[in-house]
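Since every read-out is calculated from the coordinates, none of them should be taken as a lab result. This one's a predicted model, so the numbers in the text were calculated from it and none came from an experiment. In this analysis, Cβ positions are derived from the backbone assuming ideal geometry, glycine residues included, and neighbour counts consider all displayed protein chains.
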Amino acid sequence: MAAEEPRVRRPSVGYAMVLAAATLFGVNGAVSKVALSSGLSSLRLTEARCAGAWVGLALLAALRNPSSLRLRPREWRRLLLFGVVGVAWVQLFYFLAIHRLAIGIALLIQYLGPLLVAIWARTFGHERVRRRVWAALALSLAGLVLMVQLWRGSGIDGLGVAFALVSAVVYAAYLLLAEREVAKRDSISLLAWGFLFATAFWTVVQPWWSFPGAAVARTVPLQGQLAAWHLPVWALVCWVVVLGTIAPFSLIVGALRHVTATRAGIVAMLEPVVATTVAWLWLEESLSPVQIAGAAVVLCGTVLAQTARS
């Protein structure tokens, strides 16, 4: 592997990259939910997303710097873990969650991930993490109780909440793995290998010869305010692959060369705001005042956790 030039950190570039990625991820939630309404399963959408992203990222890496795709013997286990857990699972459980929950609720639960990063850094990573992380944990859990309205006993899909919580755990793993690996190779080749292993994982789980081509070929209404418009499912999947995966994932991992995962996580909190706004304007999804209050408390807890890690 060719030696890389010394890293030059440009925080303003890093923040701009995270903002752009958060916006694309936020819009992608609504696009994915429409695609899932076609009958295409969450597992199959994840499989198609991983395969498409792998092809695009591998071509991009080959055009930019073919030598960056070389794999050292000691790297493959770490990249396998990054690909399966950090790439494949984080998408799978997010899709499973938004299939059962409002996009805003699913994303805000997923964004407990940065809080878990801070707890991991303090407990296992031997990093200096301020005591405010425990206050952040209390705030986030209190906000989560408000969001899912536990006292009502119904109204929120319990399995959807469980999927979103698992998504938070694997999102934390993704941030930690990406922060470590991006110091050793460029972001495009890292993602190319990650999506390759993710694609291999899904190919074993659900072989391509059983892929439901009929579901991708059909045309579906865009729902909500755009219900009068129709698009083929394959066009929605292409959006998910290019603008919902390749572009934002590359931006996020590339940003970690300029800002820490802690600061990137704070700025990335724009994603649930964008996703909730898009879902409200497009899909006519809405949150009750109590859920909005809970979301605000979760946001405060997550930002507090991010600032606790130094």
*What is the mean projected area of the alpha carbon convex hull for the range 131-257, to one decimal in square nanometres?*
12.0
*Using a/c under 1.5 as the rounded threshold, could you call the range 199-310 rounded, prolate or oblate? The axes a ≥ b ≥ c are square roots of the C-alpha gyration tensor eigenvalues, and prolate needs a/b larger than b/c, oblate otherwise.*
oblate
*Can you list residues whose amide H is under 5 Å from Val220's amide H, if they're 5+ apart or on another chain and H is modeled 1.01 Å from N?*
Leu231, Val233
*If the chain between Phe124 and Arg9 were fully stretched, how many nm would it gain, using 0.36 nm times the residue separation less the Cα-Cα distance?*
38.7 nm
_Just want the answer: with Cβ charges of +1 for Lys and Arg and -1 for Asp and Glu, which residue in Leu222, Asn65, Trp89 is farthest toward the dipole's positive end in the range 18-308?_
Asn65
_What's the magnitude of the charge dipole for the chain around its Cα centre, counting Lys and Arg as +1 and Asp and Glu as -1 at the beta-carbon? Answer in Debye, nearest 20._
940
*asked:* Taking only complete DSSP H runs, can you tell me which helices of the chain stretch 30 Å or more along their own long axis by Cα positions and average at least 1.0 on the Kyte-Doolittle scale?
replied: 11-36, 158-181
*For Cys50, Cys238, what ranking results if the residue with the fewest other Cβ atoms within 10 Å of its Cβ goes first?*
Cys238, Cys50
*Determine, from the Cβ-Cβ distance of Ala20 and Ile292 and an R0 of 25 Å, the FRET efficiency 1/(1 + (r/R0)^6), rounded to the nearest 0.05.*
0.45
*Given DSSP loops and a limit of at most 10 other Cβ atoms within 10 Å, what is the longest stretch of the chain that contains no such chymotrypsin sites (Phe, Trp or Tyr not before Pro)?*
1-123
*By average Cβ neighbour count within 10 Å, what is the ranking of 269-275, 179-185 from highest down?*
269-275, 179-185
*Quick one: grab the alpha carbon gyration tensor of the chain, order the square roots of its eigenvalues as a ≥ b ≥ c, and give me rounded if a/c is under 1.5, else prolate or oblate depending on whether a/b is larger than b/c.*
oblate
*Counting only C-alpha contacts under 8 Å and six or more residues apart, can you give the relative contact order of the chain as a whole percent?*
41
*If Lys and Arg each add +1 and Asp and Glu each add -1, what is the summed charge of the other residues whose beta carbon sits under 13 Å from the beta carbon of Gln223?*
-1
*Compute the Cα gyration tensor for the range 31-130, then decide on rounded, prolate or oblate, letting a ≥ b ≥ c be the square roots of its eigenvalues: rounded whenever a/c is under 1.5, prolate when a/b is larger than b/c in the other cases, and oblate in all that remain.*
oblate
